[in-house]
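Input: a single structure, listed below in structure tokens.
The values are calculated or read from the model by the stated rules, or taken from the named source; none is laboratory data. Note that the structure is a prediction, hence the values are computed from the model and not measured. Heads up, the Cβs are rebuilt from the backbone with ideal geometry, glycines too, and the neighbour counts pull from every protein chain shown. The area values use the complete protein model at the heavy-atom level, side chains included, leaving out ligands, DNA and RNA. Shrake-Rupley method; radii C 1.70, N 1.55, O 1.52, S 1.80 Å.
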Amino acid sequence: MYDNQQRPEQGPLAGFTVGVTAARRAEELGALLQRRGASVLHAPALRIVPLADDGELLAATKELIDQAPDIVVATTAIGFRGWIEAADGWGLGEDLLARLREVELLARGPKVKGAIRAAGLTEEWSPSSESMAEVLDRLLEEGVDGRRIAVQLHGEPLPGFVEALRAAGAEVVGVPVYRWMPPEDIAPLDRLIDATITRSLDALTFTSAPAAASLLSRAEERGLLSDLLAALHHDVLPACVGPVTALPLQARGVDTVQPERFRLGPLVQLLCQELPARTRTLPIAGHRVEIRGHAVMVDGALRPVPPAGMSLLRALCRRPGWVVARAELLRALPGAGRDEHAVETAIARLRTALGAPKLIQTVVKRGYRLALDPAADSKYADV
């Protein structure tokens, strides 16, 4: 339930629909978006598979216990906790903790530091930027030639990290704590892809590189990759929690927006700035009309509009104040066929939804126009 004093429909994201691809912390991200007024469409683009029974993780753990590394780099809190829990399950927990007490332990950020300390350990250092690039810079400055470095892998690519360490002479041992896999039920992801292509979404959020890669891969399997990329290039805003997450999209030529701090809260705040800034506001019939994704703000009041009405409104807005013929509006109306009476019906419903019938004028025998205020006519005369 929402506090009546802060009605979500009046929030900065009111009238917008945002897609969420996250598998982990999806509920948290969805709640943050909804509290700011957004409609949320969630489809996990992947699932996390723990490796507690995986021979690869067991072998890496035994190797590190038997032959101590000089440095251990912990990259995620969930991964570090999972590693300790898996070692406990194998009866190796105390041996692993004893070994980790002897080494230089680096934590990528505050959450990992919390997991390290919860295990009774103390990190040597953590970067203020929470960036693996800063961790790499520190290691290379210290010198890694001949040193043995264990890196807790976390399902996302670490571009250049391991390669740079090896090129500088380090022996790198990967600790694969969990893996990303495609979702068991692919139908929600397909619906999310379809919603992106049909522009039913205003923004699509990504919190991990594997989620972005999985979405692109699924679209390619369905023969829809070019359509998806076209939507992300022009109409649907791709928002990533950080630069590593954005890499699969950038590899396809898609520009993304990212917050300065790589966290969910700043990601949502970024959307609160970006989406309203992309809307069009027009002075019509003495009202201030702001056209959002699936709704219209009329003098600051949110007016939900059905998809057919939004299609007509966007067609009218392409040339504000100009008459748009019924035949052109019919082409903009999804699934309307050839009957121009469908336009009249949809316009009537649109007027009702807007709550201000005079916003749209009927021009007899010609079509319809937005009743643009006279002072604005010159501004839009050549649109």
Looking at segment 301-316, I want the residues that are open to solvent by less than 10 Å² (accessible area, probe 1.4 Å) and have a partner that is acidic (Asp, Glu) with Cβ atoms under 8 Å, at least 6 apart or on another chain. Which pairs are those?
Ala315/Glu328
Consider only pairs whose beta carbons are under 7 Å apart and that are at least six residues apart or on different chains; among these, list those whose first residue lies in segment 342-359 and is over 11 Å from Pro304 (Cα atoms) and whose second residue is among the hydroxyl-bearing types (Ser, Thr, Tyr) and surrounded by 17 or more Cβ atoms within 10 Å (Cβ to Cβ).
Ile347/Tyr368
Wholly inside segment 173-285, strands (runs of 3 or more DSSP E) that include 3 or more residues that are open to solvent by 20 Å² or more (accessible area, probe 1.4 Å) are 178-181, 280-284
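When only residues in segment 103-119 that are of a type in the set (D, E, K, R) and either under 15 Å from Glu63 (Cβ atoms) or touching a helix residue (DSSP H, G or I) at 6+ places or on another chain (Cβ under 8 Å) (or both) count, which is modelled with the lowest pLDDT? Full working, then the answer.
So the first thing to find is which residues in segment 103-119 are of a type in the set (D, E, K, R), and the list is 104, 108, 111, 113, 117.
From what is left, the residues that are either under 15 Å from Glu63 (Cβ atoms) or touching a helix residue (DSSP H, G or I) at 6+ places or on another chain (Cβ under 8 Å) (or both) are 108, 111.
On the way: Arg108: 89, Lys111: 85.
This residue is Lys111.
Just to be sure before I move on: is Leu229 in contact (Cβ under 8 Å) with a residue 60 or more places away in the chain and among the hydrophobic types (A, V, I, L, M, F, W, C) in the structure I sent? Steps first, please.
Numbers: in contact (Cβ under 8 Å) with a residue 60 or more places away in the chain: no; among the hydrophobic types (A, V, I, L, M, F, W, C): yes.
So Leu229 fails the test.
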Could you please find all residues in segment 61-82 being hydrophobic (A, V, I, L, M, F, W, C), modelled with pLDDT of 90 or more and open to solvent by 10 Å² or more (accessible area, probe 1.4 Å)?
Ile65, Ala68
Go through (1) farther than 18 Å from Phe16 by Cβ; (2) touching a Ser or Thr at 6+ places or on another chain (Cβ under 9 Å); (3) of a type outside the set (Gly, Ala, Ser); (4) not in a loop (DSSP other than H, G, I, E, B) one by one and return the number of the condition Arg331 breaks.
(2)
Asp339 versus (1) in a strand (DSSP E or B); (2) open to solvent by 40 Å² or more (accessible area, probe 1.4 Å): which is the lone unmet condition?
(1)
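Given the options Ala381, Ala376, Ala356, name the one that is modelled with pLDDT under 90 and buried (at least 16 other Cβ atoms within 10 Å of the Cβ). Break it down into steps so the answer makes sense when it comes.
Working: Ala381 fails: buried (at least 16 other Cβ atoms within 10 Å of the Cβ); Ala376 fails: buried (at least 16 other Cβ atoms within 10 Å of the Cβ).
Residue meeting the stated conditions: Ala356.
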